[in-house]
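Contents: one structure, followed by commentary.
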Amino acid sequence: MRSTLTSTTRHCLLPLLCLCSALSAQAQNTFQRPGDAVEYRQAGFELMGTHFRRLNAMAQGKVAYDAKAVEDNMAVIAALSKLPFTAFVPGSDKVKGTEALPEVWSQPAKFQEAADKFQAEVGKLQAAVKGGKPEEVKVAAGAVGQSCKACHDSFKQKGH
């Protein structure tokens, strides 16, 4: 699988991702309504999932391993990985269409622990990608997938 990013897109993507990271800390205070927070976190998770599926397909050997495409997808995953978690704001649990379970708010320490575990696994995956060894990327990608599943099992409605 070859990277579908053009060189122009790559040059624009990094500053955009840096801006997204800088804004994530402010995101919690900028949602005009709780529905905006739900849309934001769902979009972030969806986009991150798309790039993780691309990376994971290569890591699992389902498509040809392309180190540059793995790096490109990892850059997006790393930049997006913190953003959705800033959007679990008060009141967003009451929005129709949210997939988050009430446990996100009733068990905030457990939810934060799951988010922290995910962040740690993403960091390990990023290190494996930088290391350039596909077998290490495969193992680290599996751990990221397991952290996603664990959080979904505890904090996301089934069937979503």
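Each reported figure results from applying straightforward, stated rules to the coordinates on display, with no laboratory input. Fair warning: this is a prediction, and the values are worked out from it, not measured in the lab. Using ideal geometry, Cβ is built from the backbone for each residue, glycine included, and neighbour counts are taken over all protein chains shown.
If each Cα of the stretch 54-100 is one equal point scatterer, what is log10 of I(q)/I(0) from the Debye formula at q = 0.14, 0.21 Å⁻¹? One equal scatterer on each Cα of the stretch 54-100 leads to -0.54, -0.73.
Lys62 to His152: FRET efficiency via 1/(1 + (r/R0)^6), r the Cβ-Cβ distance, R0 22 Å, to the nearest 0.05? Please list the in-between numbers first.
Working: r = 21 Å, r/R0 = 0.97.
The calculated FRET efficiency here is 0.55.
Modelled this way, with points 7 Å down the Cα-to-C-beta line, the labels at Lys96 and Arg53 are 2.7 nm from one another.
Three principal axis extents of the stretch 26-160 based on alpha-carbon atoms, in descending order, are 44, 25, 25 Å.
Distance from the alpha carbon centroid of the stretch 131-160 to that of the stretch 45-95 works out to 10 angstrom.
Computed over the Cα atoms of the stretch 90-160, what is the ratio Rg over Rh, Rh following Kirkwood?
Values: Rg = 14.7 Å, Rh = 13.3 Å.
Reported Rg/Rh, Kirkwood definition of Rh: 1.10.
Under 5 Å from the amide H of Lys156 lie the amide H atoms of Leu101, each residue being 5 or more positions distant or on a separate chain, with H modelled from the backbone and absent for Pro and chain starts.
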